[in-house]
Amino acid sequence: MTKPTLLDLDRQHLIHPVTNFRAHEKRGATILESGSGAFLRDASGRELLDAFSGLWCVNTGYGQESIVQAATEQMRRLPYATGYFSYGSEPAIRLAARLVELAPPSLSHVYFTQGGSDAVDAAIRYIAYYYNAIGQPGRTQFISLQRGYHGSSSVGAGLTALPLFQRHFNLPLPSQHYISSPYPYRNPLGADPQALIAASVAELRAKVAQLGADTVAAFFCEPIQGSGGVIVPPKGWLKAMADACRELGILFVLDEVITGFGRTGPMFACEAEGVAPDMMTLAKGLTAGYAPMGALMMSDAIYQAIAEGAGPELAVGHGQTYSAHPVSAAIGLEVLRLYQEGGLLANGVARAPQFERGLRDLLAHPLVGDARSRGLLGALELVADKEDKRQFDPALRLHERIAQAAYENNVVFRAFGDNILGFAPALCYTEDEFSLLFTRLKATLDQVL
Ligand code: PLP
């Protein structure tokens, strides 16, 4: 019998996340072998310009030697330390303290997870604990945005308002509710930012009133919706939603899993609007994908209520073996150093106008209906008709043809099913790499025209 190839083994045994199983069996995997800076190399030897930072996470770019060193040193010294039962490790403690220094002043405590989904899940669990602790157990309803993405944990995927993550999974739960996405390009009220902001606030108020003001626990949102199609709300929207939550007496939970760590310019997107969330979820750029880690940050008021609720003896029963993993934490500390002292955040800010211009220039292309971005997070929306913004017939599978053409043009980005192309280049991109990105992107669009 011939020995199975890597592709055979993949088809036979590996389940890929968010992948059509049958199509994958036919097509097979694109096996990635190595990376350096903004480039990836696959098993066929093809060198690909990565315009998506892996999965919006490798914000530092690949092959950062100082991160490898930080991880190696920590693995040698102590590869694992539990956080349970009051044990801990130096890098985890230092990383928590560093995040508190960097985050909005409303957040002073950090719970570490393995990624974003379990950070959202931790938020949901701690919120339940909090309301029980303060004697409001009836606050069990959650509100999020249509097109929102908050991971795919068994409960959190109900706050993710994308059908793919709910169909056949018995979601959403009866306690999960949505309001409209703040989507300027497809807003029936037109592109007027103030009208859009006012409509979002009014919808949130109406939803809370409909559910019963004292039954609602929290509102979850991303500052810019990532997996929903890089929906960039108008400036002022985030602050208006935070203020509305405060007024309504519900918790405001900000999901900065994609938008954190310089992706939109500042360290966190909410900085630009001076927003003070009650909780914030983080992942991805926290360790730039060099090891898994996420975080849930919470206010002192929530922390203190949970502490009081547990009383002097009871442990708060939430935890994972790998919470606050010391190797991930050591990586996180070095990644944060690279963002700041290493100049990556500053480079991202300096390069953002070139990125924005490049996307905007493509509005002249016959396929492109909208171009939007903030910092180094952006999208092009392709339409069949620019006048009426009509979408392409899904039967054309245009997004698949685009992904294939991009690969042939040696560039990787995300082609969503509704023909929105998402971009999240690493913060280390040079001027030349951006030029290359737009050359290859234009060639890709021309190829599928
Ligand atoms: N929240 C947001 C906004 C995300 O974009 C993601 C992942 O893309 C998650 C949560 C889930 O994170 P993870 O995939 O690390 O579980």
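Every number in this text was worked out from the coordinates using simple rules, so none of it is lab data. Here the structure is a predicted model, which is why all the values come from computation and not from measurement. Ideal geometry is used to build each Cβ from the backbone, glycine not excepted, and the neighbour counts take in all protein chains shown.
Over region 187-323, Cα pairs under 8 Å with separation of 6+ residues give a relative contact order of 17 percent. Packing around the peptides 210-217, 407-414, taken as the average count of other Cβ atoms within 10 Å per residue, puts them in this order, highest first: 407-414, 210-217. A cut-off of 5 Å between modelled amide H atoms, ignoring neighbours fewer than 5 places along the same chain, links Phe52 with Ala424. Within region 25-80, the trypsin sites (Lys or Arg not before Pro) that combine a DSSP coil assignment with at most 15 other C-beta atoms in a 10 angstrom radius are Arg46.
Computed from backbone phi, the HN-Hα couplings of region 124-137 come to 4, 5, 5, 5, 4, 4, 4, 5, 5, 5, 8, x, 10, x Hz, rounded to whole numbers (Karplus: 6.51 cos²θ - 1.76 cosθ + 1.60, θ = phi - 60°; Gly and Pro given as x). Taking amide H as placed 1.01 Å from N in the peptide plane, the amide H of Gly294 sits under 5 Å from that of Thr113, Gln114, Gly115, each at least 5 places away or on another chain. From the residues Leu189, Ala133, Gly115, which one has its Cα farthest along the dipole of the chain in the positive direction, the dipole being from +1 and -1 charges on Cβ of Lys/Arg and Asp/Glu about the Cα centre? Of the listed residues, the answer is Leu189. Could you pull out every one of the lysines with an alpha carbon less than 27 Å from that of Lys3, ignoring same-chain neighbours closer than 8 positions? Cross-link targets: Lys26. Couplings 3J(HN,Hα) of region 155-165, computed from phi: 9, x, 5, x, 7, 6, 9, 10, x, 4, 8 Hz, in residue order, whole Hz [Karplus 6.51 cos²θ - 1.76 cosθ + 1.60, θ = phi - 60°; x for Gly and Pro]. Ranked by the mean number of other Cβ atoms within 10 Å of their residues, highest first, the peptides 142-148, 84-90 fall in the order 142-148, 84-90. Under the criterion of Cα pairs below 8 Å and six or more residues apart, the relative contact order for region 333-449 equals 25 percent. In the chain, Cα pairs under 8 Å separated by at least six residues give a relative contact order of 21 percent. Let me make sure I get this right: for the chain, a, b and c are the square roots of the gyration tensor eigenvalues over alpha carbons, sorted descending. Under 1.5 in a/c it's rounded, otherwise prolate if a/b > b/c, else oblate. Which is it? Here the chain falls in the oblate category.
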